[in-house]
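Read through the structure below, which is laid out as structure tokens, and then see the notes.
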Amino acid sequence: MARHLITSAIPYINGIKHLGNLVGSQLPADLFARYQRGRGHEVMFLCATDEHGTPAELAAAKAGKPVAEYCAEMHGVQSAIADGFGLSFDHFGRSSSPQNQKLTQHFAGKLFEAGLIEEVVEKQVYSKADGRFLPDRYIEGTCPNCGYEKARGDQCENCTKQLDPTDLIDPRSAISGSTDLEVRETRHLYLRQSQMRDRLEAWIDSKSDWPILTTSIAKKWLNDGDGLQDRGITRDLDWGIPVKRGEEDWPGMEGKVFYVWFDAPIEYIACAAEWAEAHGKPAAAWERWWRTDKGADDVRYTQFMGKDNVPFHTLSFPATILGSGEPWKLVDYIKSFNYLNYDGGQFSTSQGRGVFMDQALDILPADYWRWWLLSHAPESSDAEFTWENFQQSVNKDLADVLGNFVSRVTKFCRSRFSEEVPAGGQTGPREAALIEELTTRIRAYETHMEAMEVRKSAAALRAIWVAGNEYLQEAAPWAIFKTDPDTAAAQIRFSLNLIRLYAVLSAPFIPDAADRLLTALNCDDRDWPEDVPSALSALAPGHGFTVPDVLFAKITDEQREDWQIRFAGVRG
RNA sequence: GGGCCUGUAGCUCAAUUGGUUAGAGCAGAGCGCUCAUAACGCUUUGGUUGGGGGUUCGAGUCCCUCCGGGCCUACCA
């Protein structure tokens, strides 16, 4: 039995994520976790909310709540939605947890001891009206290059020129609009990533099987300009993990916190510690997943994320881990995704354009979304959601191919025999041929799932469903029944077993439907079909079942048109 | 500006990494079936692989160039 540690990029706290965010990390991670569990392996699947940073503070202020309270609430909201989508996290943690605070400070201390922390005094823009330092992008002004009046301090959106905040003409706070700004000196800690450049490069080079998207982004950062740059890991904020080296105060760093991108990946580890505490387990229970000196040697660690997260997972976080000099588990495989666009443009959180996770669940069950998103996962390039494509794919694949197969088999059995698996008759060469085909297809499905080829896995699964319809058409039990009811009984017995097989195989993609099928079949045998013939004799003659309700109702044209209008514009 | 990814049938995607005649699903057309959610099955139309040039016995795949789409460029996370 293998051991799989699986993490999804942790979603930021300041609102409900859209479908693009979902398909880029949490959903494929869940697919992989469910599959590996289905194969009987030991899985630790972790995710959390990423709660620190300026946007969280601002969102809380906008909501008129203390930031800690706001984050606690939003964590609850995101957690409930994750449940709604069937995301099977072993623990859904919080980067603001005491465990993460302790670990983050611990790592900082180790990095300091290793000589990998440098103190730098730098100049930053301070807004007196806001009472805070402003990150570059929170400063607005007129672009010195093109005259655009809403240029940001990091870049002008109009002419794309990169800017320094002090370049802006008539700079003002993007938060309050105040022009009462000044440049102040402030002291920060930098992680000396440049010292570890060669080590990181050798490590990346050893990962020849990673997606090109992952390695090319990593290499770009390693080789761009003067090579990998040191990175500031502290910020002048109130909300965050106080800067300490281990348990000790850090002279000169009073009132400062760690940068979110320093503490967020550490939450992957801390999340396991949260899991242990939540289940009353000792530290050893989570350390066996994360410490190679405490049992994690045989763990295979896979991360899932959108491409915007790749630099932090290929470079910053490994630099933290390697730099600590301690035997923490490094990631073995990074699966990264491109973006999902919405009907000709980007999903937009600010403009409310596209479908957000809560809205998606309001209009359709999770399985519809899971199936479409995963079967169209943006693996090789950006992908696009359109309502026409969604309607067509879901109706065809889920309602017609799979749902109708279940319907025709169970209803035929009920009307010609009873709601019991019929006895009598024998299967023959036709069934043997199907078993052979299914065996080949199931092994292909497994290969794609192991490789995290999400779209190919979906296509392979669909082909397995199709094989059932082809078989039925050829066997034609409705015709055979008239002259040879025993043979028809054997064919239907075989077909009912196919339904169970489909439920087990499909569970990683459409877990709710799989549950409903197994419930209807009155069966809790979820064993993976290592051996297809025996898997297809699990339901014995006389076994009672009920004809399930329509598994997937079709999306009507009216619904589709309604949703197209509803989600085109501003949310609310 | 620089770097990277991408362009294959009306649509969504494959193509064992340079190897026979570029394949699937959907959509379209025809036929069959009547168990089933107007579902299912079979057959079939559809391509100068974005354009042009080159290397090679052989190019969707490698090189050059042009065109289109996208991402990143280190203080959003």
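Charges at C-beta only: +1 for Lys and Arg, -1 for Asp and Glu. How large is the resulting dipole of segment A:415-572 about its Cα centre, in Debye rounded to 20?
On the way: 16 positive and 24 negative charges, 80 e Å.
Using Cβ point charges on Lys, Arg, Asp and Glu, segment A:415-572 gives about 380 debye.
Of A:110/A:294; A:411/A:554; A:256/A:281; A:307/A:554; A:62/A:161; A:110/A:335, which ones are farther than 22 Å apart at the Cα?
A:256/A:281; A:307/A:554; A:62/A:161; A:110/A:335
Hey, any idea what the orientation-averaged projected area of the convex hull of segment A:202-303's Cα atoms comes to, in nm²?
Convex hull of Cα atoms, orientation-averaged projection: 9.7 nm².
List the residues whose amide H sits under 5 Å from the amide H of residue A:337, counting only those 5 or more places along or on another chain, with H placed 1.01 Å from N in the peptide plane.
Result for residue A:337 returns A:305, A:306, A:307.
What is the angle, in °, between the Cα long axis of helix A:98-113 and the longest principal axis of the Cα atoms in chain A? Nearest 10 is fine, range 0 to 90.
For A:98-113 against chain A, the angle is about 50 degrees.
Check which residues have an amide H placed less than 5 Å from residue A:241's amide H, if you skip close sequence neighbours.
Long-range HN contacts for residue A:241: A:258.
Given +1 on the Cβ of Lys and Arg, -1 on the Cβ of Asp and Glu, and no further charges, what dipole in debye does chain A carry about its Cα centre, rounded to the nearest 20? Show your work: numbers first, answer last.
On the way: 61 positive and 83 negative charges, 121 e Å.
The dipole magnitude comes to about 580 debye.
Could you give the angle, 0 to 90 degrees to the nearest 10, between helix A:212-223's Cα long axis and the longest principal axis of the Cα atoms of chain A?
On a 0 to 90 degree scale, this one is about 10.
Would you please state the base-10 log of I(q)/I(0) at q = 0.06, 0.07, 0.10 1/Å for chain A, with intensities from the Debye formula using one equal scatterer on every alpha carbon?
For the requested q values the scattering log ratios are -0.37, -0.49, -0.91.
Have a look at the DSSP beta bridges in chain A and tell me what percent are antiparallel, nearest 5.
Antiparallel bridges: around 55 percent, rounded to the nearest 5.
Using r as the Cβ-Cβ distance of residue A:128 and residue A:363, and R0 as 60 Å, what FRET efficiency do you calculate, to the nearest 0.05?
Values: r = 47 Å, r/R0 = 0.78.
Approximately 0.80, to the nearest 0.05.
Enumerate by residue number the GluC sites (Glu not before Pro) in segment A:128-215 meeting two conditions: DSSP loop (anything except H, G, I, E, B), and at most 14 other Cβ atoms within 10 Å of the site's Cβ.
A:149, A:157
Name the GluC sites (Glu not before Pro) in segment A:513-570 that are in a loop by DSSP and that have at most 13 other C-beta atoms within 10 Å, would you?
Those that pass, being in a loop and sparsely packed, are A:530.
Could you list A:44, A:1 so that the one with the fewest beta carbons within 10 Å of its beta carbon is first and the one with the most is last?
Starting with the residue having the fewest Cβ neighbours, the order is A:1, A:44.
What residue among A:497, A:356, A:339 has its Cα farthest toward the positive end of the dipole of chain A, where the charges are +1 on Lys, Arg and -1 on Asp, Glu, each on the Cβ?
A:497
Determine, for A:343, A:549, the number of other Cβ atoms within 10 Å of each Cβ, and report the residues in order from fewest to most. Mind showing how you got there, number by number?
Numbers: A:343 17, A:549 9.
Ranked by crowding around the Cβ, least crowded first: A:549, A:343.
Counting pairwise Cα distances across segment A:117-191, what percent come out greater than 20 angstrom?
32 percent
Tell me the angle of helix A:511-520 to the major Cα principal axis of chain A, expressed in degrees between 0 and 90 and rounded to the nearest ten.
It works out to around 30 degrees.
For a footprinting-style exposure proxy, rank A:143, A:271 by other Cβ within 10 Å, fewest first.
By the 10 Å Cβ count, ascending: A:143, A:271.
Filter the chymotrypsin sites (Phe, Trp or Tyr not before Pro) in segment A:127-235 down to the DSSP loop ones having no more than 16 other Cβ atoms within 10 Å, then list what survives. Walk me through the intermediate numbers first.
Values: sites: A:133, A:138, A:148, A:190, A:203, A:221; in loops: A:148.
Those that pass, being in a loop and sparsely packed, are A:148.
Laboratory data are not the source of any read-out in this text; all were calculated from the coordinates shown. In this text, all values refer to a predicted model and were calculated from it rather than measured experimentally. Reconstructed Cβ throughout: ideal geometry from the backbone, glycine too, with neighbour counts over all protein chains shown.
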